[in-house]
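The values are calculated or read from the model by the stated rules, or taken from the named source; none is laboratory data. On a predicted model such as this, the values are computed, not experimentally measured, just so you know. Every residue, glycine as well, gets a Cβ built from its backbone with ideal geometry; the counts of neighbours run over all protein chains shown.
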Amino acid sequence: MSAMESPKPIRILHVEDSLFDRELVRHALEHGEEKFALTTTNNRTQFEAALKAGNFDCVLSDFNILGFTGLEVFEAVRAVQATLPVVILTGTGSEELAVEALKRGVADYILKSPQHIQRLPTTLRHVVDQTRLAVTLAKQQEEIALAAKVFDASGEGIVITDAAQI
């Protein structure tokens with residue numbers, strides 16, 4: 001990326017049925033240094049359509065949405081894109097729900113408090129970066145495993161050199 005280019009915004013699919021909470025999140029994401037492209041949905045139908053049509057870096061979901069839960073959002077995301085991180089942002093929750101969500105693979109579980117909302121941009125950047133690193137590492141491990149199979153299956157000698165043939 002050249003010095004003239006600005007970084008691409010982080011694309012967030014936000015699932016929230018409360019207008020107040022949608023505005024709270026929008027405000028938090030607009031007033032930080034990080035750039036976000038926020039797509040907001042407020043029901044299951046809108047969420048499923050956006051998920052299938054969009055190309056997102058992260059899903060941010062309320063835990064209690066009209067007619068479904070944040071864990072159902074997580075399961076729907078996994079069915080479409082296994083590596084897309086999901087962060088649950090909730091005003092009503094318990095430690096048991098947080099533990100259950102994290103055990104299932106939710107990237108983070110955040111309470112809707114002023115201090116947590118204030119850190120939301122940093123949290124989302126961290127979750128997206130960690131997911132990208134994990135995907136890159138998994139691809140590299142697959143490539144290494146494939147190379148190992150080639151070496152193991154080869155009946156010939158193999159020599160590896162650099163450009164100077166050293």
- line: Subset of region 92-112, residues loosely packed, with under 13 Cβ neighbours inside 10 Å and under 20 Å from D21 (Cα atoms), comes to T92, S94
query: Any residue at all in region 71-91 that is surrounded by 17 or more Cβ atoms within 10 Å (Cβ to Cβ) and farther than 20 Å from V128 by Cα?
result: no
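Considering every residue within region 49-67, establish whether at least one is touching a residue at least 24 places away in the same chain (Cβ under 8 Å), in contact with a Phe, Trp or Tyr (Cβ under 6 Å, 6 or more places away or on another chain) and within 20 Å of S18 (Cβ to Cβ). It would help to see each step written out before you state the result.
Keep residues of region 49-67 that are touching a residue at least 24 places away in the same chain (Cβ under 8 Å), which gives 50-52, 54-67.
Within this subset, residues satisfying the condition of being in contact with a Phe, Trp or Tyr (Cβ under 6 Å, 6 or more places away or on another chain) are none.
No: region 49-67 contains no residue that is touching a residue at least 24 places away in the same chain (Cβ under 8 Å), in contact with a Phe, Trp or Tyr (Cβ under 6 Å, 6 or more places away or on another chain) and within 20 Å of S18 (Cβ to Cβ).
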- prompt: Of everything in region 9-58 that's touching a Pro at 6+ places or on another chain (Cβ under 9 Å) and small (G, A, S), which residue is modelled with the lowest pLDDT?
  reply: G32
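Kindly indicate whether T136 is part of a helix (DSSP H, G or I), at pLDDT 85 or above and either of a type in the set (S, T, Y) or loosely packed, with under 10 Cβ neighbours inside 10 Å (or both).
When the stated conditions are applied, T136 does not pass them.
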